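Chemist: Take this structure first; my questions come after.
Values in this text are rule-based calculations from the coordinates and carry no lab data. Nothing here was measured: the structure is a model prediction, and the numbers come from that model. Please note: Cβ atoms are built from the backbone with ideal geometry, for glycine as well, and neighbour counts cover all protein chains shown.
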Amino acid sequence: MLFRSWAAEELGDWETAWRQQDRALRAAGNIVHNPLFRQEDIARRQRHSNKVFHDRSIELEGVGQIEEARQACRESIRVMWEEDMVLSFALFEIHLGNATSAIELLEGAIERVGSSPTTLDALGDAWNLAGDTDKACETWLRAIEIHAEAAEGRRVG
């Protein structure tokens, strides 16, 4: 229904676009309140959500099962890619001394969603761990510049 709404909007048929969008929103609202769908959705999320795997990785790390914790982190990202989960996994890899893995994760995140000061800061830490202090310093400087630009934008706007 949303696709029909967008198509109608592109064609300039505002009345049809509005009707289709309204139907899509009502349908989505009905699905959420359907008790059978809701129970099934809750059960699926309790078994297979990326948060479940992320929490499991933290538990496994706490009891010293490091490789299993890393696997749970990988599974969390596979189920649903989220920048925060990737950053958490990369910081875990840095903590374990796995610079190459952390660099791959963080560079992948930057390719996917762009640079943020937090991601660049972690990437600098990973490069430093890998022994490339020049690249680490360059990356940290980029993080500082982006943070300063964002702060300047808040002051001006």
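Chemist: Once you list every other residue whose beta carbon is under 14 Å from the beta carbon of Leu60, what net charge do they have if Lys and Arg are +1 and Asp and Glu are -1? Could the numbers behind the result be given before it?
Modeler: On the way: positive: Arg56, Arg70, Arg74; negative: Asp55, Glu59, Glu61, Glu67, Glu68, Glu75.
Neighbour charge sum, excluding Leu60 itself: -3.
Chemist: For a paramagnetic label modelled at 7 Å from the Cα of Trp81 toward its Cβ, which residues of segment 104-148 fall within the zone defined by backbone nitrogen distances under 14 Å?
Modeler: In segment 104-148, the label zone of Trp81 (backbone N under 14 Å from the point 7 Å along Cα→Cβ) covers 104-115.
Chemist: Given a Förster distance of 35 Å, report the FRET efficiency between Arg112 and Glu68 from their Cβ-Cβ distance, rounded to the nearest 0.05.
Modeler: The pair Arg112/Glu68 has a calculated efficiency of 0.85.
Chemist: Once Rh for segment 44-157 is found with the Kirkwood sum over Cα pairs, what is the Stokes-Einstein diffusion coefficient at 20 °C and 1.002 mPa s, in µm²/s?
Modeler: Details: Rh = 14.9 Å.
In µm²/s, the coefficient rounds to 144.
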